[in-house]
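The values are calculated or read from the model by the stated rules, or taken from the named source; none is laboratory data. On a predicted model such as this, the values are computed, not experimentally measured, just so you know. Note that each Cβ is placed from the backbone with ideal geometry, even for glycine, and that neighbours are counted across all protein chains shown.
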Amino acid sequence: MTWLVLRQARAQIIFMGVLLAALGVLLLVTGLDAASYISAHSQRGVCPGTGNACEEFQWALKARYQLVYMIIGILPMVAHVLVGAFWGGPMIAREVERGTAKLAWTQSITLRQWLSAKLGIAFLIVLIGGLVFSGMVSWWRNVVDQVYPVRFAAVDVFNVTGVSPAVWWTFMFALGAAAGAVFRRTLAALAVAVSVGLIVLPVFSFLRPFYADPVRSVTVDTDAFPRDLLVAGMWLPPTGKEVAQPTSPKCPLSLYADSVDPRYLQCLKGEGYRYVTYHHPSSRYWEFQWKEAALLGAMAVLLTGVTVARTRRLRAV
């Protein structure tokens, strides 16, 4: 049964292997080049930092590897949806459409064995693929993050590193399989997996700041926590009451280019204003990873239950 399941999924396995191999080569080559470039051009003690020299170097680094940044930026949406739509979706639906499921059930294979083999092996491969994917992207990000720190909860960081890819791929596969079992049509399952996947990912990005209570920090810098997840920012005047926008008569905003003009910020600091940041420290990265993994894992279990229940009904028909 294991050999048969692997043979039926050979197209998806080969496709995943080729994509991971191609991505691995790209990240390895550009990662080694980035390490060499950073070593040769970065000034010790300048980056990471807030000075002009560091900012110019960061922009040069991003321009040099713009293609890689773009690929990593779209991967959270594309990779998750592909797993759900083109692997999970056809898993049950295609068998029902072709009638091969009932043929298998008339043999010596029980429904439990059939489902255990098809779902269990697929879940394992998807999980391993997600961890391999995460490991490669994490290594590349560690190289460039030496001088170009990115907020830990950004989609192109959080969703492609840690355990997130493996858990998201598992959830999306479970979603596709459940859609196939419910609608019994491959195209319908593909449509459901794609549409729901495109909705769920932004929803979790929106919910992420609520995984814990944010930390309140008072500083003189409006960007004192470049790696943290920012929740809100307020100004603290000498009166001690937080305000969204300063109203100092000595620092009218109309005299400056915008609210982030360094001269405007310096004027406010001179008047005694401080900046209040509500944020989640980057040290909460793994806490948030495991909390999101628990939520997605629970949803994957429920969807798998739906798949099993619907498949049993199909056999009874």
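Between Ala117, Ala85, Ala93, Ala101, the distinction of being modelled with pLDDT under 75 and within 19 Å of Thr304 (Cβ to Cβ) belongs to Ala101 only.
Can you pull out every residue in the stretch 209-251 that is basic (Lys, Arg) and within 25 Å of Tyr285 (Cβ to Cβ)?
Matches in the stretch 209-251: Arg216, Arg227.
How many residues does the stretch 235-275 hold that are over 22 Å from Ala154 (Cβ atoms) and either within 30 Å of the chain's Cα centre (by Cα) or among the hydroxyl-bearing types (Ser, Thr, Tyr) (or both)?
Total meeting the criteria: 8.
When the criteria are applied in full, Leu201 meets the requirement of being in a helix (DSSP H, G or I) and within 18 Å of Leu75 (Cα to Cα).
Residue under question is Gly240, and the condition is that it be free of Cβ contacts under 8 Å to residues at least 24 places away in the same chain and assigned to a loop (DSSP other than H, G, I, E, B); does it hold? Spelling it out, Gly240 is indeed free of Cβ contacts under 8 Å to residues at least 24 places away in the same chain and assigned to a loop (DSSP other than H, G, I, E, B). The lone criterion from (1) aliphatic (A, V, I, L, M); (2) surrounded by fewer than 18 Cβ atoms within 10 Å (Cβ to Cβ); (3) more than 25 Å from the chain's Cα centre (by Cα) left unmet by Leu302 is number (3).
Close Cβ contacts (under 8 Å, 6 or more residues apart or on different chains) running from residues in the stretch 49-69 that are in the same structural domain as Thr222 (by TED's automatic domain parsing) to residues that are part of a helix (DSSP H, G or I) and modelled with pLDDT of 80 or more are absent.
Sort through Gly240, Gly297 and tell me the only one that's surrounded by fewer than 17 Cβ atoms within 10 Å (Cβ to Cβ) and within 23 Å of Ser217 (Cβ to Cβ). Result: Gly240 is the single residue among Gly240, Gly297 that is surrounded by fewer than 17 Cβ atoms within 10 Å (Cβ to Cβ) and within 23 Å of Ser217 (Cβ to Cβ).
Can you tell which of Ala193, Ala177, Ala181, Ala188 is among the small types (Gly, Ala, Ser), surrounded by fewer than 17 Cβ atoms within 10 Å (Cβ to Cβ) and either touching a residue at least 12 places away in the same chain (Cβ under 8 Å) or part of a helix (DSSP H, G or I) (or both)? Don't jump to the end; show me each part of the working.
Numbers: Ala193 fails: surrounded by fewer than 17 Cβ atoms within 10 Å (Cβ to Cβ); Ala177 fails: surrounded by fewer than 17 Cβ atoms within 10 Å (Cβ to Cβ); Ala181 fails: surrounded by fewer than 17 Cβ atoms within 10 Å (Cβ to Cβ).
Going through Ala193, Ala177, Ala181, Ala188 in turn, just one is among the small types (Gly, Ala, Ser), surrounded by fewer than 17 Cβ atoms within 10 Å (Cβ to Cβ) and either touching a residue at least 12 places away in the same chain (Cβ under 8 Å) or part of a helix (DSSP H, G or I) (or both): Ala188.
Looking only at the stretch 249-285, residues that are among the hydrophobic types (A, V, I, L, M, F, W, C) and loosely packed, with under 12 Cβ neighbours inside 10 Å come to 3 in all.
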